[in-house]
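Peer 1: Structure below; questions to follow.
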Amino acid sequence: MCLFRPIEKIVYENAFLFLTALVRDLHQEQAVVLEKTVAQCARNNDSKSEAARMFRELIRNCLDCAGKQLNVVVSGPRTTSWYPSYYRGEQRVDRMVVFIELCLLTRQMDICRAFLDRIWNVSGELVNKFDTIYTPLVPELCKLLQKTNTDICAPPFIDFFRLVISYYLCHLLGTKEQLVQLIRKIGCGCGDCQELDRFIAGKESQHTFRLVQKRRSHLENQMNQARDLVTHETMRSGSPHSLVATKTPAAVTASAWDCRIQVINGMFSAIGAKNVEKIMGNRFVDVCKAVKGEVAFRLDRPVVQRQQQNVPGPSSTSTTSTANRTSNTPSVIGGKRKHDFEA
Ligand SMILES: [Zn+2]
């Protein structure tokens with residue numbers, strides 16, 4: 001019965017690939033495996049259902065281990081080179097999709113739900129979570145659900161999408177008024193200040209000026225009068241030194257409305273307009289207002305976020321955003337519903 005030995009001990013670098021391939025093969029060959037297992041269980045009264053139970057347990061065990069191999073972390077904009085390649089964007093999202101695909105294939109929906117929950121609760125700034133996980137994941141996940149004829153509006157997916165849409169609209173989209181009120185010219189009109197103003201109005205969150213001290217000081221003075229928009233730091237290496245300007249979270253939110261609208265429209269077209277309407281239910285009216293820039297979206301009361309303490313990413317900070325506060329609420333992804341999918 002070597003198949004059923006505990007498999008937690010696998011420590012290969014490529015355990016994820018191994019385990020997911022194993023699940024796929026086991027699922028495909030389940031008739032054969034089951035037959036052999038039934039034979040092994042022959043002394044049991046109900047050997048067939050006992051074998052099926054063991055088989056399912058094995059699949060579950062493999063998926064569980066594969067899931068643990070998936071390092072769900074948020075990489076901020078400044079962490080890059082030393083990351084092992086399998087943490088990087090595309091491949092990370094690909095693996096998440098592979099994992100969810102296997103959950104669907106083997107009907108292990110509680111593992112799927114727990115995994116979505118883990119993705120949602122990963123530590124990090126909300127803006128980075130969207131940049132590195134949710135925004136690239138949503139279209140790929142939708143493709144998978146369509147390919148497998150899975151209803152996007154079925155749990156646990158509906159809950160995940162609802163969270164993603166709600167939090168994006170509430171915390172990242174903002175309104176056009178915020179943009180007009182907050183973003184303003186802070187320079188004096190000179191060449192360096194024009195560059196500064198372009199940065200403030202643009203979508204980048206950080207900009208480096210490499211200038212001699214006099215010109216740096218001038219920019220510092222201008223920035224000091226707009227502390228609600230931008231902070232600065234001097235990097236005393238290289239010649240001349242660099243003045244690094246960083247937008248405040250409020251300024252990041254306020255700038256680049258168009259860019260943010262594109263992101264949410266991209267998600268909506270992946271999910272499908274009809275589905276968005278169904279997912280958001282009676283809040284769909286508010287979604288439309290938010291997307292037009294008229295009224296900022298407010299979160300539902302039940303939409304709360306929980307954070308896992310045991311998954312600290314090397315770059316995660318989880319400090320400023322209110323969306324990242326910890327609360328003790330239990331699982332939010334599909335927590336309200338029982339196993340509808342399997343029903
Ligand atoms: Zn100036």
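Peer 1: May I ask you to say which residue of ALA290, ALA273 is loosely packed, with under 12 Cβ neighbours inside 10 Å, assigned by TED's automatic domain parsing to the domain that holds TYR168 and hydrophobic (A, V, I, L, M, F, W, C)?
Peer 2: Criteria check complete, one pass: ALA273.
Peer 1: If a residue must be polar (S, T, N, Q) and either loosely packed, with under 10 Cβ neighbours inside 10 Å or not assigned by TED's automatic domain parsing to the domain that holds VAL212 (or both), how many such residues does segment 226-245 contain?
Peer 2: Adding up the residues that qualify gives 2.
Peer 1: Considering only segment 178-216, how many residues are within 11 Å of the ligand (Cβ to nearest atom) and of a type in the set (Gly, Ala, Ser)?
Peer 2: Adding up the residues that qualify gives 3.
Peer 1: Take the conditions at pLDDT 90 or above, among the hydrophobic types (A, V, I, L, M, F, W, C) and over 26 Å from ASN282 (Cβ atoms) and apply them to PHE160. Does it pass?
Peer 2: It is false that PHE160 is at pLDDT 90 or above, among the hydrophobic types (A, V, I, L, M, F, W, C) and over 26 Å from ASN282 (Cβ atoms).
The values are calculated or read from the model by the stated rules, or taken from the named source; none is laboratory data. Here the structure is a predicted model, which means the values were calculated and not measured. Neighbour counts run over all protein chains shown; Cβ positions are idealised from the backbone, glycine included.
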